[in-house]
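These notes are about the structure you will find just below.
The values are calculated or read from the model by the stated rules, or taken from the named source; none is laboratory data. On a predicted model such as this, the values are computed, not experimentally measured, just so you know. Using ideal geometry, Cβ is built from the backbone for each residue, glycine included, and neighbour counts are taken over all protein chains shown.
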Amino acid sequence: MKMSSLVAYEDSESEDEFLDQTKEGTSASVQTGSYEQNQEVVVCNNSDVPAKPRSFTHDHEGTVLECHGNISESTISSIQPRSQPQNFFDASRIAQHKHFRDTTAPPSLPATRGKMSPQHILPHVPQSFGDGMNSAKRQYTVPSCVRPYIPKRQKLATSVETVDPKYPADQVTGNKTRESQILSDVSAIVKPYLALKPDTAGIPRRLLMSLGGHQGPVNTVQWCPVPHLSHLLLSASMDKTFKVWDGAESRRCLRVYTCHSGAVRDACWTPCGRHLLTGSFDNKAVITDVETGEQIVKLDNQFKVMSVALHPNNPDVFLCGGYSSVVKAWDSRSSKMVKVYKAGIQQTLDILFLRGGMDFITSSDCVSRDSADRTLIAWDYQTTAKVSNQIYHERYTCPSLALHPVEESFVAQTNGNYMAVFSSQQPYRMNKRRRYEGHKVEGYAVQCEFSLDGSILASGSATGSAHFYDYHNARLLHTLQAHSQPCLCVSQHPVLPATVATCDWAGEIKVWH
C-alpha cells in the first residue's frame with residue numbers, strides 16, 4: 001500500500017488534531033503528488049453519525065488521499081482499499097520509478113492487513129515539506145542491490161581500445177587505465193640496473209622473445225633512451241604503422257599508432273621519452289604523444305621522408321630528408337620550416353647530427369663516375385652552408401650513419417659490404433686502415449649502432465644475421481643467426497647488458513640477451 005505519498009500540510013500540528021477535526025465533520029485534505037482519482041464512494045455504518053455517504057479520494061494504487069464529509073475514528077479504521085497493492089518500496093519498483101531513483105533509504109512500514117490505525121494513514125511527517133513529490137524524492141535512495149544506470153555513450157567511451165587487433169585481449173594493453181601507465185611503470189627487470197654503473201657491453205647469444213604483428217618490413221627498432229623507461233621498444237614498419245612494445249617482460253604491444261597513410265620509413269624517441277618523431281612516404285613528419293596517441297605536430301614536407309633527426313641541443317627542432325634535393329629543418333613549436341639545405345642530389349638516405357649540433361652529415365645516393373663527391377656532405381646547421389663534400393671518395397652509397405658515443409668519430413654503412421669510420425671534426429677524414437667487414441648490405445637499408453660505452457659496433461645483414469665488431473680493432477666478435485630474412489636493424493639496450501633488439505624484412509622483431 002502506497003503510504004509514502006501522504007503528506008500533511010505544513011500548518012497541521014499533530015495527528016490527534018487531524019482526528020478531532022474529522023470527528024467534527026471537518027474535511028481534511030492531504031497534499032499529494034500528481035496521481036488523483038475522485039470517483040470512489042464509501043458508506044459508513046456507524047450509528048453515531050448521520051448515514052450520509054462519505055466520498056474518499058484514492059490514488060492509482062487505492063490509497064485514501066482525501067475524505068469528504070463527517071467521519072469517525074472507527075470509520076477510518078474500517079476503511080479497506082479497493083485491492084491489496086504491492087509494497088511500493090520493493091527494490092525493483094524503486095529502480096523503475098522515475099521519482100525515486102536518487103532518493104534516500106525508505107522508512108519501514110508496519111505489516112498490517114486488517115484495520116488501519118491513524119498512524120498508518122500518516123506514518124511519517126518530515127520537518128520541511130516543499131512540494132509533495134520533491135520531498136519524497138529527498139527522502140528515499142536506491143537500495144544497494146539495484147545496479148546504477150550507465151549511459152550507452154559512457155560505456156562506449158570506457159571500452160575504446162587502441163591496440164593491434166591481431167593480439168588477444170590478454171596479451172595487449174588497450175584500456176585507458178593501462179595506456180596512462182605506459183610511461184609510469186618501471187620494469188622489474190630494468191629496475192635493479194638503474195642504480196648500477198653501466199658495465200662493459202656484452203654479446204647477446206640467446207633469444208629472449210619474439211614479437212610478431214607487423215604486416216610489412218620493419219625498418220627500424222629503437223629502445224627508449226630514458227633509463228627507467230628503457231624497457232619500451234619502438235618499431236616502425238612499411239605497413240603504415242609504428243608501435244611501442246614491452247621488450248623486457250610482458251612482450252606485449254602496448255600501443256599501435258596509425259597516423260600515417262604511407263610506409264613509416266624512420267622513427268625515433270624524443271629525449272624526454274614522452275613523444276615519438278616519425279617520417280613517412282605520405283610526405284608527413286609527425287610528432288606523436290606516446291600515451292594518448294595524439295598527433296601533436298603534423299608537417300607536410302612535399303616529398304617522401306626517408307630520414308628524420310632531432311637536434312641534440314634543441315629537441316624542438318628536427319631535420320627531414322628524403323626523395324628531394326633539399327633537407328628541411330622544422331620547429332615543432334611554431335610548425336614552421338626554419339631552414340632549407342640545398343644540394344644537387346636526388347635523395348637523402350640518412351641524417352646524423354655531430355656532437356654539439358653545430359654540424360650534421362647527410363648521405364645521398366648521388367655517386368659520380370670517378371668519385372663520390374656528394375655521397376657524404378657536411379653542413380653548417382646555422383648558416384645552411386656546405387662545410388665539406390669531399391669526405392668519402394669510394395663509389396658506394398651509405399644507407400645509414402652512426403655517431404660514436406665517446407670518441408670524436410662516426411661510421412657509415414656502405415653498399416660495399418663494409419662500414420667505414422670517419423673523424424667527426426673537420427676535415428672529416430676517413431680512417432683507411434680500419435674497416436668492419438663480414439656482413440652483407442646488397443641494396444638494403446641496413447643500419448648500424450654503437451653500444452652505450454662505444455666498445456662494440458653492431459650491424460644487421462642482408463643474410464638475416466646480426467654482426468658484432470670490436471670498435472677499436474675492427475675484429476668480428478660474434479655473428480648471431482637472428483632471422484631468415486634480411487636483418488635491417490640491431491638496437492643495443494641502454495641499460496641492460498648484452499641485450500639487443502633486431503628486426504627483419506618479414507616484419508618480425510626479436511629480443512636477444
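Being on the phi < 0 side of the Ramachandran plot, modelled with pLDDT under 95, buried (at least 21 other Cβ atoms within 10 Å of the Cβ) and of a type outside the set (Val, Ile, Thr) narrows it down to one of Gly247, Gly202, so name that one.
Gly247
Considering only segment 211-227, I want to know if a residue exists there that is within 16 Å of Gln181 (Cα to Cα), within 24 Å of the chain's Cα centre (by Cα) and of a type in the set (A, V, I, L, M, F, W, C).
Taking every residue of segment 211-227 in turn, at least one turns out to be within 16 Å of Gln181 (Cα to Cα), within 24 Å of the chain's Cα centre (by Cα) and of a type in the set (A, V, I, L, M, F, W, C).
Name the residues in segment 288-301 that are part of a strand (DSSP E or B) and within 15 Å of the chain's Cα centre (by Cα), would you?
Thr288, Asp289, Gln295, Ile296
Six or more apart or on different chains, Cβ under 6 Å: which pairs go from a residue in segment 228-239 that's under 11 Å from Arg255 (Cα atoms) to one that's crowded, with 24+ Cβ neighbours inside 10 Å and aromatic (Phe, Trp, Tyr)? Could you list them?
Hits for this filter: Leu233/Trp223.
To keep it simple, each residue is scored yes or no on (1) at pLDDT 70 or above; (2) exposed (fewer than 11 other Cβ atoms within 10 Å of the Cβ).
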| position | (1), (2) |
| --- | --- |
| Ala169 | no, yes |
| Ile189 | yes, no |
| Ala195 | yes, yes |
| Gly212 | yes, no |
| Pro217 | yes, no |
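Could you tell me whether any residue of segment 264-279 is of a type in the set (Ser, Thr, Tyr), under 22 Å from Gly507 (Cβ atoms) and not in a loop (DSSP other than H, G, I, E, B)?
yes
Report yes if some residue within segment 337-358 is of a type in the set (A, V, I, L, M), under 30 Å from His513 (Cβ atoms) and in a strand (DSSP E or B); otherwise report no.
yes
Filter segment 239-263 down to the residues that are assigned to a strand (DSSP E or B) and touching a Lys or Arg at 6+ places or on another chain (Cβ under 6 Å) and list them by number. Show your work before the answer.
Just the residues of segment 239-263 that are assigned to a strand (DSSP E or B), to begin with: 242-246, 253-257.
Val244, Asp246, Cys253, Val256, listed by residue number.
Considering only segment 430-438, I want to know if a residue exists there that is within 30 Å of Cys253 (Cβ to Cβ), of a type in the set (Ser, Thr, Tyr), crowded, with 20+ Cβ neighbours inside 10 Å and over 31 Å from the mean Cα position of the chain (by Cα).
The answer is no, given that none of the residues of segment 430-438 is within 30 Å of Cys253 (Cβ to Cβ), of a type in the set (Ser, Thr, Tyr), crowded, with 20+ Cβ neighbours inside 10 Å and over 31 Å from the mean Cα position of the chain (by Cα).
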